[in-house]
């Protein structure tokens, strides 16, 4: 059984990726309140295992995997991306989905498919395959707290 929209969180660490996350959330009818730009909240959501957190863009997945900027009070437990395919179940504590593409188009496509699949248990119409997610890097980018660019 797919997840509810309240169980899916899209996390972005810069304004462009935040806009991408908003579009991906809208495609799956995930509420705007589940699109976040706060590292501490995202880290805690991943660590809890109560949410499927989709890291949208390189800065977000870098932050969750390495925390190279030293943001917040992240615990010492390593967070890990799930396999590079969509899931419609909670991945468990300390796991998140990596929707960081090799460019912004790939990031949008990954985030949209991951969000849609999570709440529908099926791929979107006209689905043709996923780009390969980028590998997290130990590079500081983005901000610890990004506000919604929609306001």
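The values are calculated or read from the model by the stated rules, or taken from the named source; none is laboratory data. The model shown is predicted, which means the values in this text are computed figures rather than measured ones. Note that each Cβ is placed from the backbone with ideal geometry, even for glycine, and that neighbours are counted across all protein chains shown.
Specify the residue that is surrounded by the fewest Cβ atoms within 10 Å (Cβ to Cβ); the eligible residues are those in region 56-84 that are at pLDDT 85 or above and part of a loop (DSSP other than H, G, I, E, B).
70
Which one is surrounded by the fewest Cβ atoms within 10 Å (Cβ to Cβ), of the residues in region 27-39 that are outside any helix (DSSP H, G or I) and without any contact (Cβ under 8 Å) to a residue 60 or more places away in the chain? Give the derivation first.
The initial filter retains those residues of region 27-39 that are outside any helix (DSSP H, G or I), namely 28-31, 35-38.
Subsequent filtering for residues that are without any contact (Cβ under 8 Å) to a residue 60 or more places away in the chain retains 31, 36.
Details: 31: 11, 36: 22.
By that ranking, first place goes to 31.
Return only the number of the condition from (1) more than 15 Å from the chain's Cα centre (by Cα); (2) surrounded by 16 or more Cβ atoms within 10 Å (Cβ to Cβ) that residue 120 does not satisfy.
Against the list (1) more than 15 Å from the chain's Cα centre (by Cα); (2) surrounded by 16 or more Cβ atoms within 10 Å (Cβ to Cβ), residue 120 comes up short only on (2).
Here is a yes/no grid of residues against (1) surrounded by fewer than 18 Cβ atoms within 10 Å (Cβ to Cβ); (2) in a loop (DSSP other than H, G, I, E, B); (3) within 11 Å of the chain's Cα centre (by Cα):
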position: 25; (1), (2), (3): no, no, yes
position: 41; (1), (2), (3): yes, no, no
position: 54; (1), (2), (3): no, no, yes
position: 86; (1), (2), (3): no, yes, no
position: 97; (1), (2), (3): no, no, yes
position: 136; (1), (2), (3): no, yes, no
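Checking the conditions here, which among 108, 114, 123 is touching a helix residue (DSSP H, G or I) at 6+ places or on another chain (Cβ under 7 Å) and not in a loop (DSSP other than H, G, I, E, B)?
Numbers: 114 fails: touching a helix residue (DSSP H, G or I) at 6+ places or on another chain (Cβ under 7 Å); 123 fails: not in a loop (DSSP other than H, G, I, E, B).
Among 108, 114, 123, only 108 is touching a helix residue (DSSP H, G or I) at 6+ places or on another chain (Cβ under 7 Å) and not in a loop (DSSP other than H, G, I, E, B).
Identify, by number, the condition in (1) closer than 17 Å to residue 117 by Cα; (2) modelled with pLDDT of 95 or more; (3) surrounded by 15 or more Cβ atoms within 10 Å (Cβ to Cβ); (4) touching a helix residue (DSSP H, G or I) at 6+ places or on another chain (Cβ under 7 Å) that residue 17 doesn't meet.
Only one criterion in (1) closer than 17 Å to residue 117 by Cα; (2) modelled with pLDDT of 95 or more; (3) surrounded by 15 or more Cβ atoms within 10 Å (Cβ to Cβ); (4) touching a helix residue (DSSP H, G or I) at 6+ places or on another chain (Cβ under 7 Å) is unmet by residue 17, namely (1).
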